[in-house]
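Undergrad: Shown below is the structure under consideration.
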Amino acid sequence: MSPLAPEPIGGVLVGERFGERVRVRGWVLRSRSSGGIVFLRLRDRSGSIQVTARKDALGEEAFRAVEHVQIEGSVVVEGTVVRDPRAPEGREIRADRIDVVDSGEPFPIFAEQTEEFRLDKRHLAIRSRELVDTFRLKAELLRLAREFLDQEDVVEMTPPVLTGNPAEGGAEAFQLDYFGRPGYLSQTAQLYLEALLAPHERVYSLTPSFRAEKSRTPRHLTEYLHLEVELAWCDLDELIRFIERMVEHLAHGLAARRPRELEALGRPPAELEAIRAPFPRLSYADAIERLKKSGFAVDWGSDLGAVEERALTVESMSPLFVTRYPRELKAFYMLETPGDPRTVEAVDLLAGEGFGEVVGGSCRETDLGRLTRRIQETGNDLASYEWYLDLRRHGSVPHAGFGLGIERLLRWFARREHIRDTTPFPRTPSRHTP
Ligand code: 4AD
Ligand code: MG
């Protein structure tokens with residue numbers, strides 16, 4: 001019957017399409033009816049456009065059906081593109097046929113509802129402009145990361161997410177019953193990437209990581225997307241330079257490819273273009289001195305929490321590297337600083353503008369004896385790390401790596417208040433549904 005192929009709304013919005021017959025499909029953003037004309041704002045993945053339809057063009061029955069379509073109901077429209085100076089895009093589709101696919105029930109989400117209600121209805125709230133823009137940015141960020149790592153000759157690996165080793169501290173691992181034995185949801189893929197290093201030398205993975213932290217903060221999720229890189233023959237300085245190249249590439253790429261979404265979310269793309277390597281570096285010891293001078297009650301050995309990280313970066317747009325932390329603050333696998341057994345070859349990248357840690361990395365301990373001692377000293381079960389120790393028995397080489405929280409990075413780049421709005425279905429201590 002109708003030979004006209006459906007097309008994206010975005011294509012109807014550009015070029016000299018006036019007088020052409022088009023067919024579009026989508027969801028109703030708004031609708032009203034007056035004086036025998038129905039006005040719809042129709043949305044698809046590519047854009048939105050005004051559609052008008054007269055009762056005499058559709059026929060009585062079809063017109064009534066269209067009038068009953070709710071917000072977020074779905075329709076297929078056929079009509080002619082006409083100039084209309086009153087429409088935001090200077091054009092509209094004058095429809096002579098509208099097929100209602102699902103007229104829908106009244107849409108439950110509207111202005112002035114609590115955040116809790118919106119989170120309960122997250123499966124519907126993800127249709128909002130703001131979240132649509134955010135997840136397009138996220139997809140672009142993942143594409144850019146893979147492109148960058150490919151250019152750098154780093155190979156993607158697929159480590160498991162179910163594991164017997166809680167590598168980042170047992171207390172914060174989600175434990176589960178693995179057929180009668182303890183199992184964990186992975187906190188990091190690092191140990192597996194270290195194993196894959198000998199045959200591949202430069203590896204990365206992009207997997208969900210899980211943290212059973214009861215932290216209700218704007219930067220903690222219990223499930224997040226973790227980009228982890230592990231590089232053979234790499235020291236701390238090379239690691240820092242790799243991280244800085246990557247973060248610069250991601251910032252510039254996002255600014256170049258998604259300026260509209262960034263602008264809409266309140267981040268002018270020029271601010272991301274201004275993120276340029278080299279980023280300033282500060283040793284942990286100097287960070288403590290700087291904080292003391294600003295009146296913080298910290299001493300060598302104090303952990304840097306959200307408040308301290310914020311103080312170190314809030315006045316700068318540039319991110320900041322903090323290096324060589326006390327080993328008591330860090331995980332068992334980190335390499336002791338040569339000539340300073342109190343610290344480890346660790347680096348955190350703190351985002352600009354006070355957004356806090358986005359990357360954590362280090363050189364890895366390669367000495368079998370020291371590594372064994374650290375596993376024991378940190379209260380881990382040596383037997384379950386036997387396989388990891390094997391890596392130090394068979395062709396161990398100097399290596400380093402890091403983990404980057406994709407949602408943390410996106411929160412900073414897209415200037416989101418809360419990390420939950422960088423992921424479609426946020427997992428937090430109080431919520432794992434919908
Ligand atoms: O600093 P973390 O704990 O380091 C590791 O897990 C290393 N094993 C990574 C590695 O070297 N392969 O975590 C790395 C990053 C943090 O810098 C942060 O960006 C993110 O993961 N992250 C979280 N993101 C959201 N919610 C949480 N609860 C997070 N915990 C860590
Ligand atoms: Mg960390």
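Undergrad: Out of Glu201, Glu223, Glu213, Glu228, which single residue is within 15 Å of ligand 1 (Cβ to nearest atom), in contact (Cβ under 8 Å) with a residue 12 or more places away in the chain and over 16 Å from the mean Cα position of the chain (by Cα)?
TA: Glu213
Undergrad: A further question follows. Considering only the stretch 362-369, I want to know if a residue exists there that is buried (at least 21 other Cβ atoms within 10 Å of the Cβ), of a type in the set (D, E, K, R) and within 16 Å of ligand 2 (Cβ to nearest atom).
TA: So far as the stretch 362-369 goes, yes, one or more of its residues are buried (at least 21 other Cβ atoms within 10 Å of the Cβ), of a type in the set (D, E, K, R) and within 16 Å of ligand 2 (Cβ to nearest atom).
The rows are residues; the columns are (1) surrounded by 15 or more Cβ atoms within 10 Å (Cβ to Cβ); (2) closer than 28 Å to Leu335 by Cα; (3) away from ligand 1 (no atom under 16 Å from the Cβ); (4) free of Cβ contacts under 8 Å to residues at least 60 places away in the same chain.
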position: Asp150; (1), (2), (3), (4): no, yes, yes, yes
position: Asp153; (1), (2), (3), (4): no, yes, yes, yes
position: Phe179; (1), (2), (3), (4): no, no, yes, yes
position: Gly183; (1), (2), (3), (4): yes, yes, yes, yes
position: Glu194; (1), (2), (3), (4): yes, yes, no, no
position: Leu197; (1), (2), (3), (4): yes, yes, no, no
position: Ile240; (1), (2), (3), (4): yes, yes, no, no
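Undergrad: Considering the stretch 213-226 alone, what residues qualify as being touching a Pro at 6+ places or on another chain (Cβ under 9 Å) and surrounded by 18 or more Cβ atoms within 10 Å (Cβ to Cβ)?
TA: His220, Leu221, Thr222, Glu223, Tyr224, Leu225, His226
Undergrad: Looking at Arg127, Arg219, which one is at pLDDT 95 or above, part of a loop (DSSP other than H, G, I, E, B) and under 30 Å from Ile71 (Cβ atoms)?
TA: Going through Arg127, Arg219 in turn, the sole match is Arg127.
Undergrad: Among residues belonging to the stretch 403-418 that are among the charged types (D, E, K, R) and more than 16 Å from ligand 2 (Cβ to nearest atom), point out the one that is surrounded by the fewest Cβ atoms within 10 Å (Cβ to Cβ).
TA: Ranking the candidates gives Glu417 first.
Undergrad: Across the stretch 325-352, what is the total count of residues that are of a type outside the set (A, V, I, L, M, F, W, C), in contact (Cβ under 8 Å) with a residue 60 or more places away in the chain and either away from ligand 1 (no atom under 14 Å from the Cβ) or under 28 Å from Arg276 (Cα atoms) (or both)?
TA: Total meeting the criteria: 2.
Undergrad: Still on this structure, please answer the following. Restricting the search to the stretch 187-216, which residues are assigned to a helix (DSSP H, G or I) and either among the hydroxyl-bearing types (Ser, Thr, Tyr) or at positive phi (or both)?
TA: Across the stretch 187-216, the qualifying residue is only Tyr192.
Undergrad: Given the stretch 254-328, what helices (runs of 4 or more DSSP H) lie entirely inside it while holding 1 or more residues that are within 17 Å of Leu409 (Cβ to Cβ)?
TA: Per the criteria, 259-264, 269-273, 306-313.
Undergrad: All but one of (1) more than 13 Å from ligand 1 (Cβ to nearest atom); (2) touching a Lys or Arg at 6+ places or on another chain (Cβ under 8 Å) hold for Glu377, so report the exception by its number.
TA: The number of the failed condition is (2).
Undergrad: Scanning the stretch 1-59 for residues that are in a helix (DSSP H, G or I) and exposed (fewer than 15 other Cβ atoms within 10 Å of the Cβ), which turns out nearest to the chain's Cα centre (by Cα)?
TA: Within the stretch 1-59, the match that is nearest to the chain's Cα centre (by Cα) is Gly10.
Undergrad: OK, next. Of the residues Thr80, Thr52, which is closer than 26 Å to Arg127 by Cβ, polar (S, T, N, Q) and touching a Lys or Arg at 6+ places or on another chain (Cβ under 8 Å)?
TA: Residue meeting the stated conditions: Thr52.
The values are calculated or read from the model by the stated rules, or taken from the named source; none is laboratory data. Remember, predicted model here, so these are calculated numbers, not experimental data. Here Cβ is always computed from backbone atoms with ideal geometry, including for glycine, and neighbour counts include all displayed protein chains.
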